[in-house]
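Following: one structure in C-alpha cells, then a few remarks.
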Amino acid sequence: MDYTDSQLERYSRHILLKDVGIEGQIKISNAKVLVIGAGGLGSPALLYLAAAGVGTIGIADGDVVDLSNLQRQVIHFTEDVDKPKVLSAKEKINNLNPDVNVITYQKMLTADNILGIIKEYDFILDGTDNFPAKFLVNDACIFAKKPFSHGGILRFYGQTITIDPWKSACYRCLFIEPPPLDAVPSCSQAGVIGVMAGVLGTIQANEAIKFILEKGDLLTNRLLTFDALASKFREVSLERNPECPICGENRVINELMDYEQAACKIG
Amino acid sequence: MKLMVNGKLFETKEKTLVIDFLLKEKNVESPEMVSVELNGRIIKRDDFAQIELQENDQVEFLYFMGGGQNSYE
C-alpha cells in the first residue's frame, strides 16, 4: 500500500510512534471495524477510528437522532435531529477522513441478521444502549469468534471490558443473563453525564486500534470501571466462568435469541 | 469480620454473613442489577443466600450498565 503525501502528513503523528510506524498505519488502513450503536459510546469511538484511518468502518443503528441525544452523542449535530443516525455519522466521517469506507446498516441488529453482518469485520465495538442488544452482541461474537469491546455507562459510572472469545471471560461469564424486566430502576433514575460516553467510547476505540496493531495489553479478563464523581478508575480481575452458559464447560445456549426489552423510554 | 468490598475495607460485627445480607448492608438498591464476584469467581444468584463469607474475602459487586439513553429500554 502506497500512501500519498497528504496521507503521510495526515497520519504522521501515528507513523512517528515506534509501536505504529508505517507498518502499523497500513494495518489500520486495512482494518475493518464494526460499531454497533451510533450513540453515546459509538460517537467518540467512530470519530477516533475514522481519524485514525481505519479503512472500513461499519455502523449499525436503526434509530434517528433525537434532540436529547445531543448532550453526549457528539457525532450528531443539531441540524441532524430526525435524521437516521447511521447517515448523520457517515456524513461526519466522510468530512473528517475521506480515506474511510463507511458501510451503514440502518436497522436494529437481531438474532436473524447479526451474524451475517459481523462476519465481515475484524473487531466489533458494542455501543448499544440496552441489555438485550448487549447479550445479542456477546453471543454472536462468541459464536463467530469475533473479538469485541463491551462498554456500559450509567449516571456517573462507566465500565468496559474486551472479549477475546473462548480465550477470555465473556459478558455472560460476568452477567449470566439479562436482568429481569421488573428489576430495572425507574426511568427517572437513569440518565448519564455526557462526558462518560466520551471517556468510555474512546477507551473502546483504543482497544480496537491496539487489537489491529497487535500492540499492548487488551482489556481482557479485566473490567475497567470509571467513577466520574470520584475521578477514579478501578480494575476488577476476572476469569472465564466454567459455569458460563455460552462459553463454559456445559454450554446451554446453542443459538442466538432476542430478549424482550422493558418498555421505558427516557429519550 | 473484615472484608474487601469493591476494593474498600468493610467491617462488620457479624460472625457469619451471606452475600444477600452483604448486599443489604451495603444498601444495594437493586440486587437483581448486580453480579457478585467472590475471590475471583462469579457466584450464582441462587447461592447468594447460602454462601457464607469468610474473613478477608474479596467481594466485587459488578453492575449492569447500558448505554445512557434508553438504558432500560
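Taking θ as phi - 60° and the Karplus parameters 6.51, -1.76 and 1.60, the scalar couplings of the range A:93-101 work out to 5, 4, 6, 6, 8, x, 5, 7, 8 Hz in sequence order, x denoting glycine and proline. Residue separation of residue A:13 and residue A:91 scaled by 0.36 nm, minus their Cα-Cα distance, works out to 25.6 nm of gained length. For chain A, a Gaussian network of Cα nodes joined below 10 Å ranks A:110, A:160, A:220 by mean-square fluctuation, and the top entry is A:110.
When each of B:30, A:43 is scored by the number of other beta-carbon atoms lying within 10 Å, the sequence from fewest to most is B:30, A:43. Residue order for A:150, A:76, fewest other beta carbons within 10 angstrom first, comes to A:76, A:150.
Report summary: the helix-based calculation at 222 nm, which adds -39500 (n - 2.57) for every DSSP H run with n ≥ 4 and divides by the residues of chain B, gives -2500 deg cm²/dmol. Note: relative contact order over chain A, using C-alpha pairs below 8 Å and six or more positions apart, is 20 percent.
Counting only DSSP H runs of at least 4 residues, each contributing -39500 (n - 2.57), and dividing by the residue count of chain A, the helix-based mean residue ellipticity at 222 nm comes to -9500 deg cm²/dmol. In order along the range A:10-22, phi translates into HN-Hα couplings of 4, 9, 4, 6, 7, 4, 5, 6, 4, 7, 10, x, 5 Hz, rounded to whole numbers, per the Karplus curve 6.51 cos²θ - 1.76 cosθ + 1.60 with θ = phi - 60° and x for Gly and Pro. Of the trypsin sites (Lys or Arg not before Pro) found in the range A:4-100, those that fall in a DSSP loop while having at most 11 other beta-carbon atoms within 10 Å are A:18. Which whole-Hz ³J(HN,Hα) couplings does the range A:225-238 yield from phi under the Karplus relation 6.51 cos²θ - 1.76 cosθ + 1.60, θ = phi - 60°, glycine and proline marked x? Calculated HN-Hα couplings, in order: 10, 10, 10, 6, 6, 8, 6, 10, 9, 9, 10, 10, 6, 9 Hz. Normalised by the number of residues in the range B:2-63, the average gap of Cα pairs under 8 Å and 6 or more apart makes the relative contact order 51 percent.
Placing +1 on each Lys and Arg Cβ and -1 on each Asp and Glu Cβ, with no other charges, gives the range B:2-63 a dipole about its Cα centre of roughly 120 debye. Among A:229, A:219, A:115, the residue with the largest mean-square fluctuation in a Gaussian network model of chain A, with springs joining Cα atoms closer than 10 Å, is A:229.
Of the residues A:165, A:242, A:84, the one that moves most in a GNM of chain A with alpha-carbon contacts below 10 Å is A:242. Sites listed here are trypsin sites (Lys or Arg not before Pro) in chain B whose DSSP assignment is loop and whose Cβ has at most 10 other Cβ atoms within 10 Å: B:13, B:15. With contacts defined as alpha carbon pairs under 8 Å and 6 or more residues apart, what's the relative contact order of the range A:171-251 in percent? Reported relative contact order: 32 percent. Amide H contacts under 5 Å for residue A:101: A:56, A:57, restricted to partners 5 or more places along the chain or on a different chain, H placed in the peptide plane at 1.01 Å from N.
Restricting the chymotrypsin sites (Phe, Trp or Tyr not before Pro) of the range A:107-173 to loop positions (DSSP other than H, G, I, E, B) with no more than 11 neighbouring Cβ atoms within 10 Å leaves A:166. Remark: mean inter-chain Cβ contacts per residue of A:60-73 equal 1, using a 10 Å Cβ-Cβ cutoff to other protein chain atoms.
Coordinate-derived values only; no laboratory data. This structure is a prediction, so every number in the text was calculated from the model and none was measured. All Cβ positions, even for glycine, are placed from backbone atoms using ideal geometry, and neighbour counts span all protein chains on display.
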